[in-house]
Amino acid sequence: MAYQDGNALAGPLSEIFAVDVTSAVSTCAGCGRAGVVASLRVFWHAQDAIARCPGCESVMLRLVRVQGELCLDFTGMTHLRIPA
């Protein structure tokens with residue numbers, strides 16, 4: 001299945017965060033790999049996105065639009081370090 005890199009999340013995430021989250025470092029809850037959000041593999045379905053770890057393919061982030069709201073699920077990350 002075709003995917004884009006995590007830079008594809010820059011637009012939707014800018015609706016929530018005041019900083020560029022694609023340069024934030026995320027750590028995969030599945031394999032422990034740490035890397036910038038831009039390195040994630042992003043798969044789109046309409047306006048919804050699933051971002052997977054490039055190391056183990058675990059789902060790290062889900063971005064879903066529901067009834068005018070933008071919902072984020074970060075349960076696949078142990079943490080997200082956003083540059084200040």
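Please name all residue pairs, on different chains or six or more residues apart, with Cβ atoms under 8 Å, provided the first residue is in segment 53-77 and is touching a residue at least 24 places away in the same chain (Cβ under 8 Å) and loosely packed, with under 15 Cβ neighbours inside 10 Å and the second residue is assigned to a loop (DSSP other than H, G, I, E, B) and among the acidic types (Asp, Glu).
Once the first residue is touching a residue at least 24 places away in the same chain (Cβ under 8 Å) and loosely packed, with under 15 Cβ neighbours inside 10 Å and sits in segment 53-77, its partners that are assigned to a loop (DSSP other than H, G, I, E, B) and among the acidic types (Asp, Glu) give Leu70/Glu15.
Assuming Pro83 fulfils every condition listed in (1) touching a residue at least 60 places away in the same chain (Cβ under 8 Å); (2) surrounded by 14 or more Cβ atoms within 10 Å (Cβ to Cβ) apart from one, which condition is it?
(2)
When the residues of segment 18-45 are narrowed to those that are loosely packed, with under 15 Cβ neighbours inside 10 Å and under 14 Å from Gln4 (Cα atoms), which ends up nearest to the chain's Cα centre (by Cα)?
Among those residues, the one meeting the criterion is Trp44.
Quick check on my filter: what residues within segment 4-61 are out of contact with any helix residue (DSSP H, G or I) (no Cβ under 7 Å at 6 or more places or on another chain), hydroxyl-bearing (Ser, Thr, Tyr) and part of a strand (DSSP E or B)?
Once the filter is applied, which keeps residues that are out of contact with any helix residue (DSSP H, G or I) (no Cβ under 7 Å at 6 or more places or on another chain), hydroxyl-bearing (Ser, Thr, Tyr) and part of a strand (DSSP E or B), segment 4-61 yields only Thr27.
Please go through segment 62-84 and pick out each residue that is outside any strand (DSSP E or B) and either among the β-branched types (Val, Ile, Thr) or touching a strand residue (DSSP E or B) at 6+ places or on another chain (Cβ under 9 Å) (or both).
Those that are outside any strand (DSSP E or B) and either among the β-branched types (Val, Ile, Thr) or touching a strand residue (DSSP E or B) at 6+ places or on another chain (Cβ under 9 Å) (or both): Phe74, Thr75, Gly76, Ile82, Pro83.
Applying the selection to segment 38-69, what residues are aliphatic (A, V, I, L, M) and either closer than 15 Å to Glu15 by Cβ or touching an Asp or Glu at 6+ places or on another chain (Cβ under 8 Å) (or both)?
Passing the criteria: Ala38, Leu40, Val42, Ala49, Leu61, Leu63, Val64, Val66.
Read-outs: derived from the displayed coordinates by stated rules, not from any lab. This one's a predicted model, so the numbers in the text were calculated from it and none came from an experiment. Neighbour counts are summed over all protein chains in view; Cβ atoms, including those assigned to glycine, are modelled from backbone coordinates with ideal geometry.
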